[in-house]
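Student: Sharing a structure with you now.
The values are calculated or read from the model by the stated rules, or taken from the named source; none is laboratory data. Model, not experiment: these values are computed from the prediction. We place every Cβ from the backbone using ideal geometry, glycine too, and count neighbours over all the protein chains shown.
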Amino acid sequence: MAGAGQPGAAGGAGPASGSGAEAVGYRRLVVPLLVPAWAVVGLFMVLPVALMVVYSFLTREFRGGVTWEFTLAAYDQFFVNRGLFGDEPPRLEWTYITIFWRSIWQAALATLLCLAIGFPTAWFIATRPRASRGVWLFLITIPYWVNLLIRTVSLRFILRDNGPLNEALLALGVISKPLGIINTDLAVQLGLFYSYLPFMVLPIYAAVERYDHRLSEAAADLHAGRWTILREIVIPAIRPGIVAGCILVFVPCLGAFLAPDLLGGARNFMIGSLIDEQFRGSQGNWPFGAACAVILMTMVLAVLIAQARAALRGAGR
Amino acid sequence: MTLDIADRAFFTLLGPSGCGKTTLLRLIAGFEDLTAGEIALFGQPIAGLPPDRRPVNTVFQNYALFPHMTVAQNVEFGLRMKGVPEPQRRARAVRMLEMVHLADLAGRLPAELSGGQQQRVALARALAPGPRVLLLDEPLSALDLKLRQAMRVELKAIQEETGITFVFVTHDQEEALSMSDSIAVMSAGRIQQVGTPREIYEAPVNRFVADFIGETNLVPAEVERVECGTARVVLPGGTALACPAAPGVGPGAHHVSIRPERVTLSPAGELAATVERVVYLGSDLQLMTRLADGAPFAVRLQNAARVAVPAPGAAVRLHLEEGAVRLLAD
Amino acid sequence: MRGVRHYPGFGAAAAACLVLLYAPLIVVTAYSFNASTSITAWGGFSWRWYVDVFTGPEAGRFGLAARNSLIIASVAATLATLIATAAAVAMIRGGAFRGRTVTYALINLPLLVPEMVIAVASLIFFTLIGLPPGLLTILIAHVTFCIPFAYLPIAARLSGIEPGFEAAARDLYASRWQAFRLVLLPLLGPGIVSGFLLAFIISLDDFIITNFVKGAGMETLPTAIYGSVKQGIKPNIMAISTLMLLTSIAFVTLSYAVNRIGQKTR
């Protein structure tokens with residue numbers, strides 16, 4: 001047998017590394033394997049979102065339809081107030097901005113609440129013995145997989161004026177009349193917090209699990225106190241996990257529909273309900289609904305881009 | 001580079017990691033694409049064939065035993081792919097497992113075996129289809145020392161028993177020297193020397209081979225003249241010696257290799273040196289000395305009762321045994 | 001050293017977290033066994049609302065919705081799993097290729113875009129191409145947003161399987177297809193099952209997008225429950241909720257168990 005060739009400078013790595021050769025790789029099949037995913041997501045996700053953007057610039061027709069005439073009317077309606085009859089000098093329209101603003105601070109508050117309880121929970125789980133971590137994580141994840149609608153309905157049932165919470169507190173004599181939580185911003189807040197809490201725990205857990213506790217020991221050895229260590233050493237080290245958790249909570253809270261709809265009542269509109277309303281019945285305004293969705297998507301995109309840039313800067317350090 | 005591997009031989013590719021020996025093995029197995037040149041097996045070019053069309057099997061470094069199949073199913077896999085009927089391949093698998101002393105573990109899953117047992121299964125699996133060439137990619141590197149030494153003897157025995165050509169890749173020179181009929185020393189993608197273990201160790205052709213295999217003293221030497229297969233060299237300090245010429249080495253500044261164990265202490269020795277330190281190694285003693293020009297020089301003495309060990313700082317004379325000095329190409 | 005890992009109160013937070021997450025579910029489950037017609041007063045233990053779910057006045061409506069939900073979830077999860085498996089093989093075993101990053105973003109896009117936006121965009125899209133709302137539109141939307149949920153466990157599993165196994169199979173005379181079918185696929189199996197189960201739950205759970213693209217007269221279990229809850233929470237809703245809750249938990253546990261078993265043969 002004679003071997004003659006020019007073996008490259010490829011390392012002494014074992015057979016496990018690299019599937020460079022076509023013998024085991026799927027290089028030639030990449031396109032056929034990916035075509036279904038490209039087609040489905042491209043056709044039924046990317047294209048619809050693009051059409052939605054176009055739609056937001058179309059002219060509204062009654063009964064939910066549109067005519068294909070370019071107009072800024074939807075965005076004008078969102079931002080500009082020209083009075084009841086459209087003859088007053090343009091002023092900033094506060095109705096929808098207020099709704100968006102309420103969504104933003106509700107989402108931000110829910111994020112903070114989730115962080116306040118999610119961080120210690122994640123830390124606690126990650127510092128358990130390996131065997132019990134799996135059980136804890138499993139328990140934290142299960143509620144996430146339970147239907148969001150059912151979880152929200154449960155919360156509505158509990159918080160109702162004649163629901164178990166009020167009944168129990170009344171029976172115990174803690175309160176003399178129902179708390180009246182349902183249909184308030186507080187109920188919405190509880191709903192958001194409850195819905196997305198697992199999203200905060202999981203990424204922080206992953207970060208703490210990778211954290212090298214010898215860093216804390218080194219800091220303790222250098223006379224740092226427990227909470228100083230947390231602030232100066234731990235939090236900077238696991239920041240990416242915390243940021244990821246915050247985004248995973250903030251983004252869905254921003255566009256949430258079920259919590260404000262079932263717990264908030266008519267006065268506590270958030271973006272989700274506003275958009276939903278535009279597509280219901282003949283009162284709807286599809287271009288305006290599309291415009292609201294475009295604005296929501298832009299806000300989410302801004303958050304994600306800011307995070308990606310921060311992550312890149314962090315990686316470059 | 002060109003490399004011929006004799007039929008029925010235990011052939012070893014030896015070199016530091018990153019020298020291209022695994023790539024060469026993967027080229028033979030068909031996992032890397034040949035960009036130029038050719039590979040032939042018993043005269044048949046195989047470069048264009050996919051791995052499943054080459055009469056070559058591999059024992060992988062981490063064994064790559066299929067974790068969802070039993071030991072027997074693993075061993076039968078190659079025969080099954082070749083379309084061998086079930087009774088025959090079952091019998092063959094049993095024979096292979098008997099050869100590696102694992103017949104009673106046929107029903108286990110790989111995860112239930114020790115590292116050494118997994119290694120034997122990998123060997124049985126690769127031998128079962130009856131390849132004409134068996135490729136072994138550092139198969140012993142994951143085992144502990146004791147097991148590794150036992151497997152060396154066993155691998156060599158199996159190779160002799162089956163008469164299959166083994167192409168063995170390793171970075172461990174002791175492994176290479178102890179098992180091989182023939183060794184190719186590789187570095188930086190090139191073959192440096194091909195020869196029997198004795199040739200490689202005792203007559204290295206260049207500095208890389210001399211330095212990589214075993215321990216040696218590389219001493220600068222001035223070649224004065226070369227005639228009739230003998231070179232006359234002058235060592236630092238002015239000692240002049242005769243040693244076998246090396247191909248392609250003419251007069252000028254070169255190096256010679258002197259193995260530490262081919263040097264003895266003798267009042268009539270050719271080289272003057274000062275002892276700096278004595279290192280106790282159990283069966284041996286290593287003297288760290290310096291030559292007259294300050295270059296370090298190691299001497300290895302057997303730890304026999306009669307050996308008088310010089311104290312650090314002592315001036316000694318070193319005698320170079322017959323044939324100890326090898327002239328090297330660069 | 002346990003000292004630096006221990007923070008006072010963190011254990012209490014973890015316990016509070018579990019209580020908060022489970023209390024509503026437990027309360028609903030408990031009240032689904034309430035014999036009383038008034039949903040607040042406790043009237044003793046009873047199965048009557050479970051009987052009501054299957055035989056009561058709304059049984060037909062919910063039965064139909066449940067059937068639709070199961071059909072949609074089965075078909076959507078199957079298709080999404082097939083697409084995700086093919087994509088994962090290309091992404092993990094295809095080496096470096098142009099557009100890999102874009103493809104990764106594309107596969108995960110349904111996780112990044114808010115549900116409400118997907119719902120609006122899908123409704124507009126189906127209206128524009130003239131596809132009448134119904135089973136088909138729901139199915140298309142579900143397949144799309146299920147892909148990343150199926151993809152994640154499959155890709156995670158696949159990147160844990162070293163290419164050495166396929167190389168060994170090829171070395172032992174297996175064709176490319178045999179190496180895939182006899183070695184890679186069985187090893188990937190737990191990831192595929194896990195991905196399918198998660199996609200199935202996600203499809204079964206979806207309300208917002210389904211509600212937008214379903215059209216009048218078409219109901220899935222969540223939209224039927226929502227419609228009913230809007231009229232007020234009745235005890236039979238608690239029973240249905242409990243049943244769905246148990247289904248979800250069963251599926252997640254199954255998915256988890258499959259993965260655990262899979263890890264042993266890795």
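Student: Check A:V35 against each of (1) among the β-branched types (V, I, T); (2) closer than 30 Å to C:I140 by Cβ; (3) under 27 Å from the mean Cα position of the chain (by Cα) and name the one condition it does not meet.
Tutor: (3)
Student: OK, next. If only one of B:F11, B:F42 is among the aromatic types (F, W, Y) and more than 7 Å from chain A (Cβ to nearest Cβ), which one is it?
Tutor: On the way: B:F42 fails: more than 7 Å from chain A (Cβ to nearest Cβ).
Every option except B:F11 fails the conditions.
Student: Something else now. Out of (1) more than 29 Å from C:I261 (Cα to Cα); (2) facing chain A (nearest Cβ under 8 Å); (3) crowded, with 24+ Cβ neighbours inside 10 Å; (4) not charged (D, E, K, R), what's the single condition that is false for C:T210?
Tutor: C:T210 satisfies all of (1) more than 29 Å from C:I261 (Cα to Cα); (2) facing chain A (nearest Cβ under 8 Å); (3) crowded, with 24+ Cβ neighbours inside 10 Å; (4) not charged (D, E, K, R) except (2).
Student: Conditions first: (1) more than 7 Å from every other protein chain (Cβ to nearest Cβ); (2) crowded, with 20+ Cβ neighbours inside 10 Å. B:T58 passes all but one, so which condition is the exception?
Tutor: (1)
Student: Name every residue in the stretch B:120-154 that is assigned to a helix (DSSP H, G or I), surrounded by 23 or more Cβ atoms within 10 Å (Cβ to Cβ) and touching a Pro at 6+ places or on another chain (Cβ under 9 Å), in order of residue number.
Tutor: Hits for the stretch B:120-154 are B:V121, B:A122, B:L123.
Student: State which residue is modelled with the highest pLDDT when the search covers only the stretch C:104-139 and only residues that are closer than 24 Å to C:P190 by Cα and touching a helix residue (DSSP H, G or I) at 6+ places or on another chain (Cβ under 6 Å).
Tutor: The extreme case among them is C:I107.
Student: Search the stretch C:18-48 for residues being in contact with a Ser or Thr (Cβ under 7 Å, 6 or more places away or on another chain) and more than 11 Å from every other protein chain (Cβ to nearest Cβ), and hand back the single one that is nearest to A:W136 (Cα to Cα).
Tutor: That would be C:F33.
Student: Next question, about the same structure. If I filter the stretch C:113-123 for residues that are assigned to a helix (DSSP H, G or I), surrounded by fewer than 24 Cβ atoms within 10 Å (Cβ to Cβ) and either small (G, A, S) or more than 10 Å from chain A (Cβ to nearest Cβ) (or both), do I get at least one hit?
Tutor: No, the stretch C:113-123 contains no residue that is assigned to a helix (DSSP H, G or I), surrounded by fewer than 24 Cβ atoms within 10 Å (Cβ to Cβ) and either small (G, A, S) or more than 10 Å from chain A (Cβ to nearest Cβ) (or both).
Student: Does A:R133 satisfy the condition of being charged (D, E, K, R), in a helix (DSSP H, G or I), facing another protein chain (nearest Cβ under 8 Å) and closer than 22 Å to C:Y256 by Cα?
Tutor: Spelling it out, it is not the case that A:R133 is charged (D, E, K, R), in a helix (DSSP H, G or I), facing another protein chain (nearest Cβ under 8 Å) and closer than 22 Å to C:Y256 by Cα.
Student: Check the stretch A:270-282 and report whether any residue there is hydrophobic (A, V, I, L, M, F, W, C), part of a loop (DSSP other than H, G, I, E, B) and buried (at least 24 other Cβ atoms within 10 Å of the Cβ). Quick ask: steps written out before the conclusion?
Tutor: Start the filter on the stretch A:270-282 by keeping residues that are hydrophobic (A, V, I, L, M, F, W, C), which leaves A:270-271, A:274-275, A:279.
Checking which are part of a loop (DSSP other than H, G, I, E, B) leaves us with A:270, A:279.
This time we only want the ones that are buried (at least 24 other Cβ atoms within 10 Å of the Cβ), so: A:270.
The answer is yes; a qualifying residue exists.
Student: In addition: So C:P57 fits all but one of (1) free of Cβ contacts under 8 Å to residues at least 12 places away in the same chain; (2) crowded, with 16+ Cβ neighbours inside 10 Å; what number is the exception?
Tutor: Among (1) free of Cβ contacts under 8 Å to residues at least 12 places away in the same chain; (2) crowded, with 16+ Cβ neighbours inside 10 Å, the lone unmet condition for C:P57 is (2).
Student: Which one is surrounded by the fewest Cβ atoms within 10 Å (Cβ to Cβ), of the residues in the stretch A:44-65 that are within 9 Å of another protein chain (Cβ to nearest Cβ) and at pLDDT below 85?
Tutor: Once the filter is applied, the top-ranked residue is A:G65.
Student: Can I ask one more? Within the stretch B:27-39, which residues are facing chain A (nearest Cβ under 7 Å), touching an Asp or Glu at 6+ places or on another chain (Cβ under 9 Å) and either part of a helix (DSSP H, G or I) or not charged (D, E, K, R) (or both)?
Tutor: Step one: of the stretch B:27-39, the residues facing chain A (nearest Cβ under 7 Å) are B:27-28, B:30-39.
Restricting the remaining residues to those that are touching an Asp or Glu at 6+ places or on another chain (Cβ under 9 Å) gives B:27, B:30-31, B:33.
B:L27, B:G30, B:F31 - these are the residues of the stretch B:27-39 that are facing chain A (nearest Cβ under 7 Å), touching an Asp or Glu at 6+ places or on another chain (Cβ under 9 Å) and either part of a helix (DSSP H, G or I) or not charged (D, E, K, R) (or both).
Student: When you go through B:T239, B:T165 one by one, which is the residue that is under 26 Å from B:L41 (Cβ atoms) and in contact with an Asp or Glu (Cβ under 7 Å, 6 or more places away or on another chain)?
Tutor: Numbers: B:T239 fails: under 26 Å from B:L41 (Cβ atoms).
Result: B:T165 is the single residue among B:T239, B:T165 that is under 26 Å from B:L41 (Cβ atoms) and in contact with an Asp or Glu (Cβ under 7 Å, 6 or more places away or on another chain).
Student: Also, I was wondering about something else. I need a count of the residues in the stretch B:35-55 that are surrounded by 13 or more Cβ atoms within 10 Å (Cβ to Cβ) and either of a type in the set (S, T, N, Q) or in contact (Cβ under 8 Å) with a residue 24 or more places away in the chain (or both).
Tutor: 4
Student: Same structure, new question: In the stretch C:127-149, how many residues are assigned to a helix (DSSP H, G or I) and closer than 22 Å to C:L221 by Cα? First the steps, then the outcome.
Tutor: To start, the set of residues in the stretch C:127-149 that are assigned to a helix (DSSP H, G or I) comprises C:127-129, C:135-149.
From the residues that got through so far, the ones that are closer than 22 Å to C:L221 by Cα too are C:135-147, C:149.
Qualifying residue count for the region: 14.
Student: Then there is this: Taking the criterion of being part of a helix (DSSP H, G or I), facing chain A (nearest Cβ under 9 Å) and basic (K, R), would at least one residue in the stretch C:52-61 satisfy it? Reasoning before the result, please.
Tutor: Of all residues in the stretch C:52-61, those part of a helix (DSSP H, G or I) come to C:52-55, C:59-61.
Adding the requirement that they be facing chain A (nearest Cβ under 9 Å) leaves none.
No.
Student: Given the residues A:A10, A:A73, which is the only one that is surrounded by 15 or more Cβ atoms within 10 Å (Cβ to Cβ), farther than 30 Å from B:A40 by Cα, among the aliphatic types (A, V, I, L, M) and modelled with pLDDT under 90? So that I can check it myself, show each step before the final result.
Tutor: On the way: A:A10 fails: farther than 30 Å from B:A40 by Cα.
On inspection, the qualifying residue turns out to be A:A73.
Student: Further question: Of all residues being surrounded by fewer than 18 Cβ atoms within 10 Å (Cβ to Cβ) and more than 13 Å from chain B (Cβ to nearest Cβ) in the stretch C:140-187, which is farthest from C:A84 (Cα to Cα)? Just the residue, please.
Tutor: Result: C:S159.
Student: Helices (runs of 4 or more DSSP H) wholly in the stretch A:177-260 with at least 3 residues that are hydrophobic (A, V, I, L, M, F, W, C), crowded, with 18+ Cβ neighbours inside 10 Å and at pLDDT 90 or above - which ones? Let's see the steps before the verdict.
Tutor: Details: elements: A:185-210, A:214-221, A:226-229, A:239-254.
Answer list for the stretch A:177-260: A:185-210, A:239-254.
Student: Can you name every residue in the stretch C:66-95 that is facing chain A (nearest Cβ under 9 Å), free of Cβ contacts under 8 Å to residues at least 60 places away in the same chain and either surrounded by fewer than 21 Cβ atoms within 10 Å (Cβ to Cβ) or in a helix (DSSP H, G or I) (or both)?
Tutor: Correct list: C:L82, C:A86, C:A90, C:G95.
Student: While we're looking at this one, here's another question. Please go through (1) assigned to a loop (DSSP other than H, G, I, E, B); (2) touching a residue at least 12 places away in the same chain (Cβ under 8 Å); (3) of a type outside the set (K, R) for C:G232 and return the number of the only condition it doesn't satisfy.
Tutor: (2)
Student: Would you say C:I237 is buried (at least 24 other Cβ atoms within 10 Å of the Cβ) and closer than 21 Å to A:R160 by Cβ?
Tutor: Values: buried (at least 24 other Cβ atoms within 10 Å of the Cβ): yes; closer than 21 Å to A:R160 by Cβ: yes.
When the stated conditions are applied, C:I237 passes them.
Student: Please pick out the residue among C:A250, C:A169 that is closer than 30 Å to C:F45 by Cα and in a helix (DSSP H, G or I). Reasoning before the result, please.
Tutor: Values: C:A169 fails: closer than 30 Å to C:F45 by Cα.
Sole residue among the options that is closer than 30 Å to C:F45 by Cα and in a helix (DSSP H, G or I): C:A250.
Student: Sticking with this structure for a sec: When you scan the stretch B:169-180, how many residues do you find that are touching a residue at least 12 places away in the same chain (Cβ under 8 Å) and away from chain A (no Cβ under 14 Å)?
Tutor: Going through the stretch B:169-180, the residues touching a residue at least 12 places away in the same chain (Cβ under 8 Å) turn out to be B:169-173, B:175-180.
The next check asks that each one be away from chain A (no Cβ under 14 Å); those that pass are B:173, B:175-180.
So the count comes out to 7.
Student: Give the residue, chosen from B:D330, B:D293, that is over 25 Å from the mean Cα position of the chain (by Cα) and within 30 Å of B:Q193 (Cβ to Cβ). It would help to see each step written out before you state the result.
Tutor: Values: B:D330 fails: over 25 Å from the mean Cα position of the chain (by Cα).
Residue meeting the stated conditions: B:D293.
Student: Further question on the same structure: Listed residues A:I125, A:I142; which is assigned to a helix (DSSP H, G or I), crowded, with 22+ Cβ neighbours inside 10 Å and either in contact (Cβ under 8 Å) with a residue 60 or more places away in the chain or within 7 Å of chain C (Cβ to nearest Cβ) (or both)? Working first, answer last.
Tutor: Working: A:I142 fails: crowded, with 22+ Cβ neighbours inside 10 Å.
Sole residue among the options that is assigned to a helix (DSSP H, G or I), crowded, with 22+ Cβ neighbours inside 10 Å and either in contact (Cβ under 8 Å) with a residue 60 or more places away in the chain or within 7 Å of chain C (Cβ to nearest Cβ) (or both): A:I125.
Student: Being facing another protein chain (nearest Cβ under 10 Å), of a type in the set (G, A, S) and crowded, with 16+ Cβ neighbours inside 10 Å is the filter here, so list the residues in the stretch A:103-122 that pass it.
Tutor: Taking the stretch A:103-122 first, the residues facing another protein chain (nearest Cβ under 10 Å) are A:114, A:116-122.
Going one step further and asking which of them are of a type in the set (G, A, S), we end up with A:116, A:118, A:122.
Matches in the stretch A:103-122: A:G118, A:A122.
Student: Considering each residue of the stretch A:200-238, count those that are among the aromatic types (F, W, Y) and either more than 12 Å from chain C (Cβ to nearest Cβ) or more than 28 Å from A:T141 (Cα to Cα) (or both), and give that number.
Tutor: Quick first cut of the stretch A:200-238, residues among the aromatic types (F, W, Y) only: A:205, A:211, A:227.
Still in the list and also either more than 12 Å from chain C (Cβ to nearest Cβ) or more than 28 Å from A:T141 (Cα to Cα) (or both): A:227.
The total comes to 1.
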